Amino acid sequence: MTALRILFLFAFGIALFIAPMGQGNYIIYVLCSWLIFSISAMGLNLTLGYAGQISLAQAAFMGIGAYITALLTMAGVHWIFAVFCSISASFVIGLALGYPALRVQHHFLAFVTLAFNTLVFLVLRNEDWLTGGSLGLVGIPRPEFGPFNTMMQLPFYYFVVVCFLITAAAMAWMLHSPWGRAFKALRENPIRANSLGLNTTRMTLLAFAIGSAMGGLAGALQAPLVQFIEPGSFTLILSLKILLMVIVGGSGYFFGPILGAGLVVLLPEMLRFTDGYYLIIYALLVLVVMIFSPQGLIGLGQKLLASFKPQEERGDLKQGAQL
Amino acid sequence: MAELLQILVSGLSAGAIYALAAVGFTLLWQASQTINFAQGEFVMLPAFFVLAGMTIFGLPLWAAILTAMVLSLLILGAMFKKLIVEPMLPHGTLPLVIATIALGLLMKESVKEFYSAQGQPFPTLFPQHVLDFFGASISVQDICNLIVAFAAIISLQLFLGRTRTGRAMQATAQDPRVAEILGVDVKRMVMYTFLINGALAAIASILISPVYLAKFSNGETLGMIAFIAAIVGGFNQIKGALVGGLLIGVIDNVAAVYISAEYRAAIPLILLIVIIMVRPQGIMGTSEGRTV
Amino acid sequence: MKRTYLAGVSLTALLMAGGAVAETVKIANISELSGPGAAAGTVWAHGVELAVDEINEHGGILGMPVEMKEYDSQTDPQVSRALVQKAIDEGAFALLGTVYSSSTVVNMLVAQMNGIPQFTASEAPSITSKGNPYIFRTNWGAQKGMPKIGSYLKDQLGVSKVAIAWANTEFGKGGHDSFVSIVEDMGLDVVADIPSEQGQADFSADVLKIKNSDAEAVFIYLTQEEAARFLMEATKQGLDIPKIGDSVLTSEKVIDLAGAAANGAKGHVALTIAADEPRVQEFADKFSERFGYSPDYNAMKGYIGAYTIKYGTEMVGEVNSQKLADVVHGLCLDADEYPGVLIDMCWDDTGEVSRESYMVEVVDGREQVSEVLPAN
């Protein structure tokens, strides 16, 4: 880790801490939303950027996490226990869903998860004895930790920041462990990784399940933030939005999804002055980014940086050789 | 009995149109190995070209349809390929998937902003006369839709199988590098594929809109159904898309009548998952040799 | 030269700053300008816009111009909640919106927490049943219309078996539940109960089930495009029983979309431009002239909502959120004296509205009032 990187991390932490000061409730809400989607997008990044599989069910896992947390906390269970249930349930469902899909190669995880997301929506909507149906669940409590009550917007923000930092640290640790290195091997050359004795299917499955569990965690935070959930908030469109966050930010980069989530959550806000046209402009921006920098914004930044300091690159070490 | 017949007849006429959208999906998959998430919007848009031609420029219906066809070839075919797919193809499928999502959003929002947020009635090409078919009602329009959809898909199949250009296109789809070595103009063949997709989308749009009405958000449901139909039928076979489309049309109706209206949307999805588990290449598809 | 220019700028800035502090009345409209609810939300927003511009032309509220801000909820309840918070942060003293009930049930909690009155287009029964003292409807909730429809089915049509086709969304669910419980209490049999998906295109199975259910009438509670598709399919399959709905079924848009298939459809409506009221006709003309299409019930609701804020505030005599909420509870506005409400209306102490209503029928592609029903 370079000194520059440590400095950057430090600045980022400080920025997170002072960002909401003196801001209205709305801005704090948007910041919370950004951090929660960052967690979800980081989870998808594990599946997509490191294990190379497209999952289109991240919103469904957020939904599963949100509903479990909502139902449990509304029944009087503490959030800490509820979030544990949300994460484990998402992990187990991820395993069960990914196992059969990953036996067949190609884009089949994408297809299965796409179907799964809509199925989850249908169950959440139709089983109204449990989920409140299309009317949703209203009045989800925010957690209390002894004297620290997160009912107000600012304390809730710091609570989300803590969850975010813990998740990010766990993720960083995971990626630097031997296991995480195996991941990189998998992404860069699956056939070689396989021939070196890595069980690629099991690794991919684990990546997908952990990514899904992070979706569950994001959901468990979103339910108390909004204090209302309904099935329509967890449809395929949201999954596509999270996918967008990862790719536009830069998949396979640690900070890519965080940047992407910021863009997707804040951009409509910044483009508000364009009235009804902001979605059009937004779509155009995404197209332009994808056409000119398929590695996303972080990739673009690195390219720009690299163009300032010329480097010798050995052609025989190039990654992602086509086989 | 009349009930079952009605379900079958209605399902087939809806399914024929799903098939048209699904074929385009399959074609693009073969040509560029990408999932076109804007396919639903591709079917939504040409109807608005027709409407704009008629209401803004005062064209008669046939001229508006002709203009819409040309615009679809240009925009949904050539421009889509030149401006979006071509520059992105070397970077793998993921950025392209995202680009098609953005493109779908762009098309949807543009129609909403520049034409209308509300559904629009759409002129029908065929008489709406209803026939009694052993107790089931079927309109002349449904029959014509079926015939046009079948004709379009069968002639496409013949074109691909029987003509030189068609075979060159198939070779390109299977392995562009080998095709290139064999002297096929790969770029042109890929372009043909995109043009055909544009034309099919326009046909589907003009057939579907009198019944389903023209609305900016129509692509959402349609794209999803086309997608399921393409996978269920077999992603690498044109006739797979036809079978998949018809099957989804019928199954949707059967599910709504006999199983559960609340879960009708779930049945095709469950079918999709089962097909992927049991027969990943689809009902009509052939297994692809590539593993990575 | 430069100096005079600067002086001019600072003078304007000063005037603007002064104006912003003391002399405008800030309100906000949060509605569905994009997403699946865009059609309804845009029409509502146009109704609001028309009213606000008229109010400003005629001297504003208490002599102060109205400053209205528009927010797009993207038809997402979470975004709508955040935007209500934002509107309040930015100083709105009264709110308009949202149209979709799924959004309103959430964002009205924020308005309640801040003590800001909110005038909504939503008709879901639950909205006024939660004891929120700051929520006001602009039209009565679905549960108030159902008894009138039930007695029409039972007494006027002499029906004992009825089918219902409804949209399986928060909009349709609320209406469906109250319809079923009310007609069952009246002794009617619901023989076919058919939900449909949002954006559903193929209604053949829905119509077929109703046709084979020996229902004697069908109640149609769908959104505009879906209602039109249903009517077209019903005509195709020859479904010959009376088709009853609410404001949506007989609206201009459905008639436009379904064409001849809409003929014979009956609706129990609260707000319709077919009403034989010169004020309503005048509103319809102004609206069509400005926006290039004819208004529907959502446009009327938006217009009425904005005017209610004006009338209520002027009764109070000052710009005060709490006092506005207090005065509208139990308020009755006579349209002769307060033309902006279009038709006489009253609010009870839950924010629910009552006003007379109409039974209409589509005849030759036009909505015609067949009966005026008293307020309940």
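The values are calculated or read from the model by the stated rules, or taken from the named source; none is laboratory data. What you are looking at is a predicted structure, and each value in this text was computed from that prediction instead of being measured. Don't worry about glycine lacking a Cβ; one is built from the backbone with ideal geometry, like all the others, and counts go over all protein chains shown. Only protein heavy atoms, including side chains, enter the accessible area calculation; ligands, DNA and RNA are left aside. Shrake-Rupley method; radii C 1.70, N 1.55, O 1.52, S 1.80 Å.
Observations on the structure shown:
- Accessible surface buried by the B/C pair amounts to about 2600 Å², both sides summed, 1.4 Å probe.
- Portion, in percent, of the accessible area of the protein assembly as shown that falls on carbon or sulfur, probe 1.4 Å: 64
- Per-residue shielding of B:35-46, expressed as the average number of other chain Cβ atoms within 10 Å of the residue Cβ, stands at 1.
- For chain B: rounded, prolate or oblate by the Cα gyration tensor [a/c cutoff 1.5]: oblate
- Shape call, region C:143-269: gyration tensor on alpha carbons, a/c limit 1.5: rounded
- FRET efficiency, residue C:161 to residue C:366 (Cβ-Cβ, R0 25 Å, nearest 0.05): 0.25
- For a paramagnetic label modelled on residue A:2 (point 7 Å from Cα along Cα→Cβ), amide N atoms under 15 Å away belong, within region A:276-303, to A:299, A:301-303.
- Debye, to nearest 20: dipole size of chain B, +1 on Lys, Arg Cβ, -1 on Asp, Glu Cβ: 720
- Counting Lys and Arg as +1 and Asp and Glu as -1 over every other residue whose Cβ lies under 14 Å from the Cβ of residue C:133, the net charge comes to -1.
- Cβ crowding within 10 Å averaged over residues, with B:143-155, B:238-250 ranked highest first: B:238-250, B:143-155
- Centroid-to-centroid separation of region C:31-88 and region A:179-195 [C-alpha atoms, Å]: 54
- Computed over region C:143-269: relative contact order in percent, which uses C-alpha pairs under 8 Å that are six or more apart: 24
- Most mobile of B:223, B:92, B:104 in a GNM of chain B (Cα contacts under 10 Å): B:92
- The protection proxy used here, the mean number of other Cβ atoms lying within 10 Å of each residue, ranks peptides B:185-191, A:218-224, B:169-175 as follows, highest first: A:218-224, B:169-175, B:185-191.
- Look at the alpha carbon pairs under 8 Å that are at least 6 residues apart: their mean separation over the length of region A:30-237 gives a relative contact order of 47 percent.
- Compared with the direct C-alpha span, the chain from residue B:144 to residue B:62 gains 27.8 nm at full extension, assuming 0.36 nm per residue.
- Computed helical MRE - 222 nm, chain A, DSSP H runs ≥ 4 contributing -39500 (n - 2.57), nearest 500: -23500 deg cm²/dmol
- Chain C: DSSP helices with Cα axial extent of at least 24 Å and average Kyte-Doolittle hydropathy no lower than -0.5: C:2-22, C:38-57, C:297-316
- Centroid-to-centroid separation of region C:158-173 and region B:185-256 [C-alpha atoms, Å]: 32
- Region A:52-113: relative contact order in percent, alpha carbon pairs under 8 Å with at least 6 residues between: 44
- Value of [θ]222 nm, deg cm²/dmol, for chain C, DSSP H segments ≥ 4, -39500 (n - 2.57) each, nearest 500: -14000 deg cm²/dmol
- Summing charges over neighbours of residue C:296, with a neighbour being any other residue whose Cβ is under 14 Å away from its Cβ, gives -4 when K and R count +1 and D and E count -1.
- Only protein heavy atoms count here; on that basis, with a 1.4 Å probe, residue B:138 has an accessible area of about 20 Å².
- Buried surface for the B/A pair, taken as the accessible area of each chain alone minus that of the pair with a 1.4 Å probe, is close to 3800 Å² in total.
- Cysteines in the protein assembly as shown that, by Cβ-Cβ distance, have no pairing candidate under 4.7 Å: A:32, A:85, A:163, B:144
- For the segment C:99-106, counting C-beta atoms of other chains within 10 Å of every residue's C-beta and taking the mean gives 3.
- Loop-located chymotrypsin sites (Phe, Trp or Tyr not before Pro) across region B:21-119 with a Cβ neighbour count of 13 or fewer within 10 Å are B:57, with loop assigned by DSSP.
- Accessible surface of residue A:202, taken over heavy atoms with a 1.4 Å probe and every protein chain present, rounds to 150 Å².
- Around residue C:240: net Lys/Arg minus Asp/Glu count, Cβ-Cβ under 11 Å: +1
- The mean number of Cβ atoms from other chains found within 10 Å of a Cβ in peptide A:111-119 is 6, as a whole number.
- Dipole in debye (nearest 20) - the protein assembly as shown, about Cα centre, beta carbon charges: Lys, Arg +1; Asp, Glu -1: 4920
- Oblate is the label for the protein assembly as shown, because a/c, from the alpha-carbon gyration tensor with a ≥ b ≥ c as root eigenvalues, is 1.5 or above and a/b does not exceed b/c.
- Summing both sides, the accessible surface hidden between C and A at a 1.4 Å probe radius is close to 2000 Å².
- As a rough guide to protection, the peptides C:268-275, A:225-232, C:234-241 ranked by mean Cβ packing within 10 Å, highest first, stand as A:225-232, C:268-275, C:234-241.
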